[in-house]
Amino acid sequence: MKIFIIDKGRLFVDGLCTLLQRLPGYDVVAVSNDCHLVNETIADKACDLLIMDLTLPDTDCISVIHSVLDAHPQVKILVLTNYFNTKIIKDLFKKGILGYLEKSSDFGEFRNALEVIEGGEPYIGVATKEKMMTAFLRPRSQYTRQNEVLLSTLTQREREIMHQVCEGNSSREISEKLFISRNTVETHKKNIYQKLNVRNSLCLMKFAYENNLLSAVE
């Protein structure tokens, strides 16, 4: 299995490559600390598995994953990250990733995840499952006056875009659903990020669900 690793931590990547060298049948053919040429690299190296973090600097990792799955549906994706958000995890699996594992996982679980994913089955790490159960049992915050003030800064179209982003849709998918250009979607997203003081779609999803903003949009 040919593997492409994307992560900002060089020492982490070096350690991961060392671990993979101990496993027969796995070959790391590319590594990177950004996603600028992700689709080109996958095509050029004929990658079977992409392992990537969700917290790369100045990168909308959700959109990158959508792009990879659209361009290379045969490629399996394992998200290896310390980031946690129940809604985002569910949306990523719905989109087509096969694995979600915390970086704190031990070698045995990492190897098990690879074997399961290679067989075409989904894998969620033990620690992630425990966090998802805790989040499921914890009640969400109620919609408040403060939430209303936050939403009042957004136009109706921006609210629609926010809802679509939080549903896990890419800019291309949003443009098709709302019958607007992709550039218009990107402009709206930038305005939303600025108004709500978030950096990217990942942060927007987390912010919207933590503050229960979507209940007023739906």
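Numbers below:
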read-out: Residue in the range 24-33 that is surrounded by 21 or more Cβ atoms within 10 Å (Cβ to Cβ), modelled with pLDDT of 95 or more and under 20 Å from the mean Cα position of the chain (by Cα) present; value: no
read-out: Residue in the range 162-171 that is surrounded by fewer than 16 Cβ atoms within 10 Å (Cβ to Cβ), modelled with pLDDT of 90 or more and among the aliphatic types (A, V, I, L, M) present; value: no
read-out: The one condition in (1) in a loop (DSSP other than H, G, I, E, B); (2) of a type in the set (D, E, K, R); (3) buried (at least 16 other Cβ atoms within 10 Å of the Cβ) that K87 fails to fulfil; value: (1)
read-out: Per-region count, the range 34-60, residues over 14 Å from the mean Cα position of the chain (by Cα) and of a type in the set (A, V, I, L, M); value: 6
read-out: Answer residue from the range 153-183, given it is over 16 Å from A208 (Cα atoms) and of a type in the set (A, V, I, L, M) and is nearest to the chain's Cα centre (by Cα) among those; value: I174
read-out: Qualifying residue in the range 122-129 (condition: in a helix (DSSP H, G or I) and buried (at least 21 other Cβ atoms within 10 Å of the Cβ)); value: no
read-out: The range 38-61, residues that are of a type in the set (A, V, I, L, M), at pLDDT 95 or above and farther than 17 Å from G96 by Cβ; value: A43, A46
read-out: Residue tally, condition closer than 18 Å to T155 by Cα and surrounded by 18 or more Cβ atoms within 10 Å (Cβ to Cβ), over the range 194-204; value: 3
read-out: Count of residues meeting criterion [in contact with an Asp or Glu (Cβ under 9 Å, 6 or more places away or on another chain) and either farther than 27 Å from P24 by Cα or assigned to a loop (DSSP other than H, G, I, E, B) (or both)] in the range 97-120; value: 2
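The values are calculated or read from the model by the stated rules, or taken from the named source; none is laboratory data. Bear in mind that the values here come from a model prediction, so they are computed numbers and not experimental data. Glycine also receives a Cβ, built like all others from the backbone with ideal geometry; neighbour counts cover every protein chain displayed.
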